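To start, the structure under review is shown below, and the notes come after it.
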Amino acid sequence: MTPLAALLVALCGLAIGATSIGGVLVVPTLNATAGIPVDRAVAAASFGFLFPGVAAAMTPPAEGSGRHGALLAGALAGAAGGALTLAWLSAGTVRTAVALLCIGSGLYALLGLSRRAPVPLPPAARVLLGAVVGCASAWSGTGGPVVLLPMLALLGWAVTDAVAAAQRVQLPVALAATAVHLAAGRLDLLLGTMLGVLLLIGWTLGRRLATTLP
């Protein structure tokens, strides 16, 4: 991994810690600046997200956030399914999916899309939502928040609850995807560990930065 790629990955971790969204740039960074093939980059990124995912799971939830067990269970199953079907997708399809996620999350941030009244979600709907997030995240090599957070904003979830759920969804997504990638022989553990350390350093700084932001 090149020094430029390492710096950009650390900045991705900073963005994840501060806003939950940032992991969507890890795979394009590895592919464009370090020449790492997309499938290998997706597998390593999935493993790397374990590090901030574990840290987020160990962090006490913010005041006003609820329980997200059904959502996280769905994400675990969806990520496993997404990782299992990743080999069916072409590299160009995966790159296009990542690009669309970048564009979609950017438009969400610029337009400030949200609902005034929250939409109630029964447990079954939360499981389904988590499955969609997990599958899309495993396909694109993202941690989950870039898919989940805009959806929760559109459903009218409170910011504290949406961010807490987005931070915590990284762990089940990373666990399931990593297990499948490891079994398929796509995972470079050294690269994944390097990514994890860089993401964790950035995430820690981002969490501190978030306390100073409105």
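Coordinate-derived values only; no laboratory data. Note that the coordinates shown come from a computational prediction; the quantities given were computed from them, not determined experimentally. Note: ideal-geometry Cβ built from the backbone for every residue, glycine included; neighbour counts use all protein chains shown.
Here the gap between V197 and R67, fully extended at 0.36 nm per residue and compared with their Cα-Cα distance, gives a gain of 44.0 nm.
Residue separation of A34 and V132 scaled by 0.36 nm, minus their Cα-Cα distance, works out to 32.3 nm of gained length. Between T204 and A125, the modelled label-to-label distance comes to 4.0 nm, taking each label 7 Å out from Cα in the direction of the beta carbon.
Candidates (i) 1.92; (ii) 1.54; (iii) 0.93; which is the computed Cα Rg over 2.2 N^0.38 Å? Among (i) 1.92; (ii) 1.54; (iii) 0.93, the one derived from this structure is (iii). When peptides 184-196, 119-131, 156-168, 135-147 are ranked by their average number of other Cβ atoms within 10 Å per residue, the highest-first order is 135-147, 156-168, 184-196, 119-131.
Between T59 and A117, the modelled labels are 3.3 nm apart [label points 7 Å from Cα along Cα→Cβ].
Distance from a point 7 Å along Cα→Cβ of T96 to each backbone N in region 120-153: keep the residues under 19 Å and list them by number. Of the residues in region 120-153, 136-142 have backbone N under 19 Å from the label point off T96.
In region 140-165, which residues have a backbone nitrogen under 17 Å from the label point lying 7 Å from L110's Cα in the Cα-to-Cβ direction? Residues passing the 17 Å test: 150.
Taking a point 7 Å out from the Cα of W88 in the direction of its Cβ, the residues of region 130-147 whose backbone N falls within less than 13 Å of it are 139.
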